[in-house]
1. Test residue A:21 against the stated conditions and say whether it is among the hydrophobic types (A, V, I, L, M, F, W, C), in contact with a helix residue (DSSP H, G or I) (Cβ under 6 Å, 6 or more places away or on another chain) and within 16 Å of ligand 1 (Cβ to nearest atom).
2. Kindly list the number of the only condition in (1) away from ligand 2 (no atom under 16 Å from the Cβ); (2) farther than 18 Å from residue A:19 by Cα; (3) not charged (D, E, K, R) that fails for residue A:40.
3. Go through the range B:211-234 and report how many residues are buried (at least 19 other Cβ atoms within 10 Å of the Cβ) and modelled with pLDDT of 90 or more.
4. Here are some conditions: (1) within 16 Å of ligand 2 (Cβ to nearest atom); (2) closer than 24 Å to residue B:205 by Cα. Residue A:85 meets all but one. Which one does it not meet?
5. So which of B:118, B:171 ends up being under 15 Å from the mean Cα position of the chain (by Cα) and surrounded by 14 or more Cβ atoms within 10 Å (Cβ to Cβ)?
6. Can you work out which of the residues in the range A:62-88 that are facing chain B (nearest Cβ under 7 Å) and in contact (Cβ under 8 Å) with a residue 24 or more places away in the chain is surrounded by the most Cβ atoms within 10 Å (Cβ to Cβ)?
7. Considering only the range B:109-131, I want to know if a residue exists there that is within 14 Å of another protein chain (Cβ to nearest Cβ) and free of Cβ contacts under 8 Å to residues at least 60 places away in the same chain.
8. Looking at the range A:10-43, which of the residues that are within 10 Å of chain B (Cβ to nearest Cβ) and surrounded by fewer than 20 Cβ atoms within 10 Å (Cβ to Cβ) is nearest to residue A:131 (Cα to Cα)?
Amino acid sequence: MDKILVVQPAKCTGCRTCELICSFTHTGEFNPEISRISVLTYEKVGFSVPMVCQQCGVAACMEVCPVGAIAKNNVTGAMEVQDSKCIGCKMCTIACPFGAIHYHAVNNIVSKCDLCGGDPACVKLCPSGAISYVEANAGSISKRKAFAAKFKNVFEEVS
Amino acid sequence: MKIRIDQQEIDVNPGETILEAARQNGINIPTLCYHEAFGGQGMCRMCMVEVKTAHSTNLVASCTYPINEVIEVHTSTPVIEKARRTIIALLYRTAPQSEFMKKLYQEYKCVENQLEINENERCILCRLCVRACEEIGSSAISAILRGTEKRISTPFDEASTVCIGCAACANICPTGAIELSQTPAGRTIWNRTFAVVTCQRCGQAFATREQLDYIAQHTGIKGSESKLCDDCRKKNLAAQIEQYAQ
Ligand code: SF4
Ligand code: FES
């Protein structure tokens, strides 16, 4: 069964190591701007949450892509963008209800989390263990569902 | 089936093109009108290679040549290099305003030719834009007129009724030939100005109405009705998580 990324905002300190390692792993450059994971921090309340693609079962990005440049990796379950096939219509970035795929002018590609091919760098480098990569078993899935249920209105609004 | 490309023996599936077989095996053949999203078009001839069969030796466009028999391929010979230089020199004459062609012209150490120069042109008629638009399903542009007047445009240069303003054409164009302007007033491309949908949170224009319709049609996801740009959709969700966590 696929493994999934699980984020625990309560553990996140907002250090942004994940952003740096993500951009470095994918581009060889330390540039949080082009990271596929982004940490949003609410200074006043001291709360940070890493936001990253959840690899939807029915993925809007993949459905909308006119040229099939986004495909599911059957081993990891990640929706992956094949840059050489992308024609740059940016439709996927508009379609994703969660804002998890972006176009970057710096490298002229659309990018999203690809689970690093099954060994996510953010998970390995996060110093506080706020991101984990776990088997998608009944337990982790129901946790995720419970989490999603709390944001039912959000998801209904957007999905 | 086994064939040889530049002395390297490689395994191919019958019907595969020479270009695909070469690239899969790390052999680079230069191309201009080929794109992985749609395959070869055989327009530019930049991908020309020499093919030896049991009976003959020919120069062929590798992006459209299907491998159906045992062949020997050479991707770089003096004849091929000369042909490529000629192609680039001619295209640079037709599109002297293109930085992309200028670079290639210098890289390939091309020599002057007598072709009439097309002062303000950037387009090399590779048709990648036409193919991209076809994939979107709009087919708003094509090659119009003939001979030296041939160029890419909408029928009769009129504002297209089928264009959705996605600008994939401008993005895929290797030479930057397609004019696109985006102002708060709208996005203008191919003689049409589209009203843009602006993000309710940050005010940035992020799509045309037509793009949102396209997304709704293709995904059935109401989210494309969202009035937020991709960044703000993420921020919005994060803000809700923060609210909940408190
Ligand atoms: S921008 Fe690229 S990956 Fe995204 S929908 Fe368009 S062609 Fe597909
Ligand atoms: S790339 Fe093959 S003809 Fe243009």
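The values are calculated or read from the model by the stated rules, or taken from the named source; none is laboratory data. The structure presented is a predicted model; accordingly, all values stated were derived computationally and were not measured. Because the Cβ atoms are built from the backbone with ideal geometry, glycine has one as well, and the counts that use them run over all protein chains shown.
1. no
2. For residue A:40, the failing item is (2).
3. As a first pass, look at the range B:211-234 and keep what is buried (at least 19 other Cβ atoms within 10 Å of the Cβ): B:211-212, B:214-215, B:219, B:221, B:223-224, B:226, B:228-230, B:232-234.
Of the ones still in play, those that are also modelled with pLDDT of 90 or more are B:211-212, B:214-215, B:228-230, B:232-234.
The number of residues fulfilling the criteria is 10.
4. (2)
5. Testing whether each residue is under 15 Å from the mean Cα position of the chain (by Cα) and surrounded by 14 or more Cβ atoms within 10 Å (Cβ to Cβ) leaves just B:171.
6. So the first thing to find is which residues in the range A:62-88 are facing chain B (nearest Cβ under 7 Å), and the list is A:63-64, A:66-67, A:69, A:84-85, A:87-88.
Add one more test, that the residue is in contact (Cβ under 8 Å) with a residue 24 or more places away in the chain, and what stays is A:63-64, A:66.
Numbers: A:63: 17, A:64: 24, A:66: 21.
Step by step, filter the range A:62-88, then rank; the result is A:64.
7. Let us first name the residues in the range B:109-131 that are within 14 Å of another protein chain (Cβ to nearest Cβ), namely B:126-131.
Narrowing the set further to residues that are free of Cβ contacts under 8 Å to residues at least 60 places away in the same chain leaves B:129-130.
Checked the range B:109-131: at least one residue is within 14 Å of another protein chain (Cβ to nearest Cβ) and free of Cβ contacts under 8 Å to residues at least 60 places away in the same chain.
8. Only one residue fits best here, namely A:10.
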